[in-house]
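Below is one structure, written out as structure tokens, with a few remarks after it.
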Amino acid sequence: MTKAKSSTGLSAAKWSVPKGSTPIITVTVSGPAGAPTPTGSAVVTLNNTRVGTVQLTAGVGTITLPAVQKSGVLIATFGGDRGYKASVASHVLVVTPRS
């Protein structure tokens, strides 16, 4: 059986947050229209440090980051499942000084 292509996305209320905050990040993994929803989990890293694993429910999962200290690249990696290939999403998280 050939695995279908998956698509991973990241979203947050704001991509610019104050130092020390704990932003909530949503990971979404989808497949082609009309196909079953991808299952499993996605690994989330910030600046190449693993911050957690998101369990997907209906293709969506959330994670609260630990208190962020500096800007960096947030990456979510979906490792694939029985029907889908792996996919990756990334986004820059900007950390600003507290006022």
Point to revise | Per-peptide average of other Cβ atoms within 10 Å, ordering 54-62, 29-37, 13-21 highest first | key: 54-62, 29-37, 13-21
Check your understanding: Which label marks the calculated value of semi-axes √(5λ) of the Cα gyration tensor in Å, given the options (i) 24, 17, 10; (ii) 33, 21, 9; (iii) 28, 11, 10?
Key -> (iii)
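Given R₀ = 22 Å, what would the calculated FRET efficiency be for T26 paired with A67, taking r from the Cβ atoms and rounding to 0.05?
Details: r = 19 Å, r/R0 = 0.86.
Step by step, r from the Cβ atoms, then E = 0.70.
Where a number appears in this text, it was derived from the coordinates with a stated rule and is not lab data. What you see is a predicted model, and the numbers here were worked out from it, not measured in a lab. A quick note on method: Cβ atoms are made from the backbone with ideal geometry, for glycine too, and the neighbour counts reach across all protein chains shown.
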